[in-house]
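Colleague: Can you read through this structure? Questions will come right after.
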């Protein structure tokens, strides 16, 4: 009898300790996911734009709230808030939604590029992220059986306070950008340099009309971010006259497009480095909003708001 009781206690404590460690690990993944997205907020915002949201501001609000949700799940796991009744099922549901989105990514663009699950901190392809989510789902199901934990008093109030903290903190740390607009200018640009014989020339006329021309290096991380955002904007607004002027070794072109998915945007690989620097200026990405050969706006990639771009194109 004593041996049976001792074995029962040992099993109980093994389940409790292993369950607690597993729960802490699960909470840590949600915290890490939220923090990494918060510090790569622009990229995460573009995820919602890729789903069809055409307003950068609205997409940014959703991104902030989604990060808050991940923070909150990590907190309610840590504070053991209604684990079996609410938190575990909610965790599984959210992971299933994430997995569905990743399946959509693979179907639409293949298992290429980073899924953005951990922002810019960990590069993870969609298929790898699906396996990660499946492991987390199995871990959560296991916790339902080995670490249920009964509810305790005032959990509703604690949960509400944690929710407010989780939702507010992303907006405090990274406020919404409301006045971040391109620089207004009026500078001629020598676009005729792109039409020199002996080099790949643009398939369209860029010297007349309005065009958003982005000068990028194939190996520049910020250029890749800009190209990925322009890919999303072009998908949502096929009529936008966007053009990429790329510079670098041809061997880097394949990887550039695998990471940015921007191969459908009209582009050329311009190999005259001296003239490229004359056109782009001292740094890349250089994104110029050109009207009949005159630069009217200069922007970096986080100033590319489709609504503002549309207004400029219609002026």
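The values are calculated or read from the model by the stated rules, or taken from the named source; none is laboratory data. Since the model is a prediction, treat every value here as computed from it, not as a measurement. No Cβ is skipped: glycine too gets one built from the backbone with ideal geometry, and neighbour counts run over all protein chains shown.
Colleague: Scan the range 121-131 and give yes if some residue there is farther than 18 Å from residue 37 by Cβ, assigned to a helix (DSSP H, G or I) and either free of Cβ contacts under 8 Å to residues at least 12 places away in the same chain or not assigned by TED's automatic domain parsing to the domain that holds residue 91 (or both), otherwise no.
Modeller: yes
Colleague: Would you mind stating whether residue 311 is over 30 Å from residue 174 (Cα atoms), out of contact with any strand residue (DSSP E or B) (no Cβ under 8 Å at 6 or more places or on another chain), surrounded by fewer than 18 Cβ atoms within 10 Å (Cβ to Cβ) and free of Cβ contacts under 8 Å to residues at least 60 places away in the same chain?
Modeller: no
Colleague: Say we look at the range 17-69 and pick out the residues that are more than 12 Å from the chain's Cα centre (by Cα) and farther than 29 Å from residue 138 by Cα; which of these is modelled with the highest pLDDT?
Modeller: The extreme case among them is 61.
Colleague: Against the definition (touching a strand residue (DSSP E or B) at 6+ places or on another chain (Cβ under 8 Å) and either farther than 15 Å from residue 268 by Cβ or in the same structural domain as residue 29 (by TED's automatic domain parsing) (or both)), how does residue 182 come out, yes or no?
Modeller: Against the criterion (touching a strand residue (DSSP E or B) at 6+ places or on another chain (Cβ under 8 Å) and either farther than 15 Å from residue 268 by Cβ or in the same structural domain as residue 29 (by TED's automatic domain parsing) (or both)), residue 182 qualifies.
Colleague: Might you let me know whether the range 211-233 holds any residue that is over 27 Å from the mean Cα position of the chain (by Cα) and farther than 29 Å from residue 106 by Cα?
Modeller: The answer is no; no qualifying residue exists.
Colleague: Something else: For the structure I just gave you, tell me whether residue 145 is within 30 Å of residue 17 (Cα to Cα) and touching a helix residue (DSSP H, G or I) at 6+ places or on another chain (Cβ under 7 Å).
Modeller: no
Colleague: If I ask for residues that are surrounded by 13 or more Cβ atoms within 10 Å (Cβ to Cβ) and at pLDDT below 90, which ones from the range 177-199 would you list?
Modeller: Those that are surrounded by 13 or more Cβ atoms within 10 Å (Cβ to Cβ) and at pLDDT below 90: 177, 180, 199.
Residues checked against (1) surrounded by 22 or more Cβ atoms within 10 Å (Cβ to Cβ); (2) touching a helix residue (DSSP H, G or I) at 6+ places or on another chain (Cβ under 7 Å); (3) more than 30 Å from residue 300 (Cα to Cα):
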site	(1), (2), (3)
11	no, no, yes
28	no, no, yes
35	no, no, no
44	yes, yes, no
48	no, yes, no
61	no, no, no
67	yes, yes, no
77	yes, yes, yes
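Colleague: Run residue 241 past the list (1) surrounded by 13 or more Cβ atoms within 10 Å (Cβ to Cβ); (2) in contact with a strand residue (DSSP E or B) (Cβ under 6 Å, 6 or more places away or on another chain); (3) within 20 Å of residue 281 (Cβ to Cβ) and report the number of the one that doesn't hold.
Modeller: (3)
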